[in-house]
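Coordinate-derived values only; no laboratory data. Remember, predicted model here, so these are calculated numbers, not experimental data. Cβ: placed from backbone, ideal geometry, glycine included. Neighbour counts: every protein chain shown.
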Amino acid sequence: EVQLVQSGAEVKKPGESVRISCKTSGYSFTTYWISWMRQMPGKGLEWMGRIDPSDSYTNYSPSFQGHVTISAGKSISTAYLQWSSLKASDTAMYYCARHRTDTAMLPYYLDYWGQGTLVTVSS
Amino acid sequence: DIVMTQSPDSLAVSLGERATINCKSSQSVLYSSNNKNYLTWYQQKPGQPPKLLIYWASTRESGVPDRFSGSGSGTDFTLTISSLQAEDVAVYYCQQYYTTPYTFGQGTKLEIK
């Protein structure tokens, strides 16, 4: 069974750093790209960026480029999203999701999602 | 960026009636080399992550009830629920995966009338 299990809620102060995780199981981690999405309170979904776990190639939405870092740990089948300096406006639910791919490993739509990690940034 | 615009923003439909949600993209998401529309529909219930319903604009994900269907091509797409059930109350999003940055519609909130 494919599962993406995210780390627990975080409460941080502005300027602090944090790394949240997305542990996968039930499939070959390096075969499927992973994306991260933000959902601010009461709002819609925004795509932040994606990673190819086979070589850690990443690309980011311009809206998030330079503010977050996406990485992956192949040995433990886990993807990460991290901030070095949080802002209050980063308060949101964050989701990881797996891309369904074809035989050429090109990423397509998001088929399995994590349960979400709530990050709260407040002084 | 490709802008995805859904209509309406909210919708109230009686149980057993048809619900229709529209999604328009600012540019075509039809890839000519394979004649596929790079468009998905997701359902999000309160307190839950989104759930994949439809991909390639009209292919139903395994396990999704057949009352859900997707149609359209190019820039105009529709999600139809043929006979609304109580468990279909949710927010529905369309999303294009034609190019990055991937973009979502603003969501349509579906309620029971």
Item to check | Paramagnetic label zone (point 7 Å from Cα along Cα-to-C-beta, B:Ser62; backbone N under 20 Å) in the range A:83-123 | outcome: A:97-114
Item to check | Inter-part distance where the range B:7-41 and the range A:64-89 are each reduced to a Cα centre, Å | outcome: 31
Item to check | FRET E, pair A:Ala9, B:Val89, Förster distance 22 Å, beta-carbon r, rounded to 0.05 | outcome: 0.30
Checklist entry - Under a no-solvent Debye model with one identical scatterer per Cα of the range A:1-121, what's log10 I(q)/I(0) at q = 0.14, 0.17, 0.18 Å⁻¹? => result -0.54, -0.79, -0.89
Checklist entry - With respect to the cross-link table entries A:Lys23/B:Lys109; B:Lys45/B:Lys109; B:Lys24/B:Lys45; A:Lys23/B:Lys51; A:Lys43/B:Lys36, which display a Cα-Cα separation exceeding 20 Å? => result A:Lys23/B:Lys109; B:Lys24/B:Lys45; A:Lys43/B:Lys36
Item to check | Lys/Arg +1, Asp/Glu -1 at C-beta; the range A:39-112 dipole; positive extreme among A:Tyr112, A:Asn59, A:Ser85 | outcome: A:Ser85
Checklist entry - If you plug each phi of the range A:12-28 into the Karplus form 6.51 cos²θ - 1.76 cosθ + 1.60 with θ = phi - 60°, what whole-Hz ³J(HN,Hα) values come out, in order, with x for Gly and Pro? => result 9, 9, x, x, 6, 10, 7, 10, 10, 10, 9, 8, 9, 7, x, 7, 7
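Computed over the Cα atoms of the protein assembly as shown, what is the convex hull's projected area averaged over all directions, in nm²?
Approximately 12.8 nm², given one-decimal rounding.
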Checklist entry - So how strong a dipole does the protein assembly as shown carry about its Cα centre when Lys and Arg Cβ are +1 and Asp and Glu Cβ are -1, to the nearest 20 debye? => result 260
Checklist outcome for this item: In order over the range A:64-81: 3J(HN,Hα) from phi, Karplus 6.51/-1.76/1.60, θ = phi - 60°, whole Hz, x for each Gly or Pro, gives 10, 3, x, 9, 10, 10, 9, 9, 8, x, 4, 5, 10, 6, 10, 9, 9, 10
Item to check | Amide H contacts of B:Thr103 (H built 1.01 Å from N, under 5 Å, at least 5 apart or other chain) | outcome: B:Gln96
Checklist outcome for this item: The ratio Rg/Rh over the Cα atoms of the range B:1-95, Rh being the Kirkwood inverse mean 1/r radius, stands at 0.96
Checklist entry - How large is the charge dipole for chain A, taken about the Cα centre, if only the Cβ atoms of Lys, Arg (+1) and Asp, Glu (-1) carry charge, to the nearest 20 debye? => result 260
Checklist entry - How well do other chains shield peptide B:99-109, expressed as the mean number of their Cβ atoms within 10 Å of each residue Cβ? => result 5
